[in-house]
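Below you'll find the structure, written out as structure tokens, and then a few comments.
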Amino acid sequence: MGYEKFCKIFFSIIFIFVSINLIIWNFFTKDILTNSSDKHTGDLSRMSYLTNLNFERKNLRTLEKKMIDINSYNSGNIDMITIGDSFSNGGAGGENRYYQDYLATKSNLNILNLHNLPNSRNSLETVVYLNNSGFLEKNKVKFILVECVPWAIFDRFSFDLDVTKNMDINEIYKMYGFNTSKEEIKENLLPDVSFINTGNFKFLAYNFLYNFSDKAFFSSVYKAQLDDNYFSLDKKDLIFYTNDIKYLRKINDENLRVVNDNLNVLSDLLSKSNIKLIFMPAVNKYDLYSPYIINNKYPKDELFDKFRKLDKKYIFVDTKKILATQLEKKEKDIFYIDDAHWGFKASDFITTELSKELSK
């Protein structure tokens, strides 16, 4: 092969390679692999590369009263502290993504959202430190709301809770950055991605493989078909996280007993200071929509069924029951079609019920 012919073949391959990436990027993957401070795309469409299910939405907060973010709080009385995972931190994006804003508006509560302390294993232990240090008493806290996705409950809470742990209150203030000057916190955006990236080829592979496997063999996202349209995108596809299925084997009476005992012990500790504990497991997308999956071959999620039967000393927010009632009415976009998180409608429904409970 001559040098001239080799160069032609080489540069032709480069041209085709670049062109394929450019076409896929501009027409398909750009929207799911990039976010800006004012828009959001779903985590499930991003992981599955099912761009046809992408439901782009604008980030905005319009409610009258908003939660107090950790980065803007220095001091002052707090009615409620919320601690949880991405559901408590606006993971779904879009309109009024924080359920705390709805609860603050409806119940006129000052709500502070915190993350776990760096030296605690989970949110229950963080609450112990906050209580025993005097932080809760000093800030006149009345309620503690612990939120958790079901598939992480047993990994996080199925251990014996030590309610004697303590920490100096000044150390807590230091860890959270209270009473210190704070730099402006920028929106947590996706990293910059070049138009030439592995995601373009995952897009081709996954969209082909979903024809043969519910999770494209290698994806972290399952795809199923619903019996009706439950989303404003006008599609009957349901995509959900693989952990919604994986964790089901952990649901047993012993694991549930340990978790419930820990919550009851923590509730007893807080009640000494007239603080009420609220536990809010955020129902999985699969669990909520599973009755409507055509030819559903996956096991039933029994977590909420079993939790309802337990003896509780805390307020239990049955997010599945609340949202299932709305889903029976064919309410659309309770969860976003492209996301593992519920949307603003779910936050509205759940906080309406919770605010009623808190007013008793």
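The values are calculated or read from the model by the stated rules, or taken from the named source; none is laboratory data. None of these values were measured; they are calculated from a predicted model. Positions of Cβ are generated from backbone atoms using ideal geometry, with glycine treated the same way; all protein chains shown enter the neighbour counts. To get the accessible areas, we keep the full protein, side chains included, count just its heavy atoms, and leave off ligands, DNA and RNA. Shrake-Rupley method; radii C 1.70, N 1.55, O 1.52, S 1.80 Å.
The chymotrypsin sites (Phe, Trp or Tyr not before Pro) of the stretch 199-230 that DSSP puts in a loop, and whose beta carbon has at most 13 other beta carbons within 10 Å, are Phe212, Phe217, Phe218.
Projecting label points 7 angstrom from Cα along Cα→Cβ for Phe218 and Lys250 puts them 2.6 nm apart. Length available on full extension from Lys330 to Phe159: 0.36 nm per residue minus the Cα-Cα distance, which gives 57.6 nm. Loop sites here are GluC sites (Glu not before Pro) outside DSSP states H, G, I, E and B with no more than 13 other Cβ atoms within 10 Å. The longest part of the chain free of them is 65-182.
Relative to the longest principal axis of the Cα atoms of the chain, helix 344-358 runs at roughly 10 degrees.
Here's the picture: charge each Lys and Arg Cβ at +1 and each Asp and Glu Cβ at -1 in the stretch 1-151, and of Ile16, Thr105, Gly84 the one pushed furthest to the positive end of that dipole is Ile16. Using heavy atoms of the protein chains and a probe of 1.4 Å, the accessible area assigned to Arg257 is about 110 Å².
In summary, the aspartates and glutamates within cross-link reach of Lys246, defined as a Cα separation below 19 angstrom excluding same-chain residues under 8 places away, comprise Asp43, Asp85, Asp155, Asp214, Glu254, Asp287, Asp301, Glu302, Asp305, Asp339. For the residue pairs Lys202/Lys300; Lys300/Lys330; Lys215/Lys321; Lys142/Lys250; Lys140/Lys345, the alpha carbons lie more than 26 Å apart in Lys202/Lys300; Lys215/Lys321; Lys142/Lys250; Lys140/Lys345.
Overall, the stretch 32-109 carries a charge dipole of about 160 debye about its Cα centre when +1 sits on the Cβ of Lys and Arg and -1 on the Cβ of Asp and Glu, all other atoms neutral. Give the angle, between 0 and 90 degrees and rounded to the nearest 10, that separates the Cα long axis of helix 3-24 from the longest principal axis of the Cα atoms of the chain. The two axes meet at around 40 degrees.
Taking amide H positions as modeled 1.01 Å from N, with prolines and chain starts lacking one, the residues under 5 Å from Tyr336 and 5 or more places away or on another chain are His341, Gly343.
Couplings 3J(HN,Hα) of the stretch 278-294, computed from phi: 10, 10, 10, x, 8, 3, 5, 4, 4, 4, 5, 9, 4, x, 10, 7, 6 Hz, in residue order, whole Hz [Karplus 6.51 cos²θ - 1.76 cosθ + 1.60, θ = phi - 60°; x for Gly and Pro]. Using the alpha-carbon atoms, what tilt in degrees (0 to 90, nearest 10) does helix 123-132 show relative to the longest principal axis of the chain? The helix 123-132 is inclined about 30 degrees to the chain.
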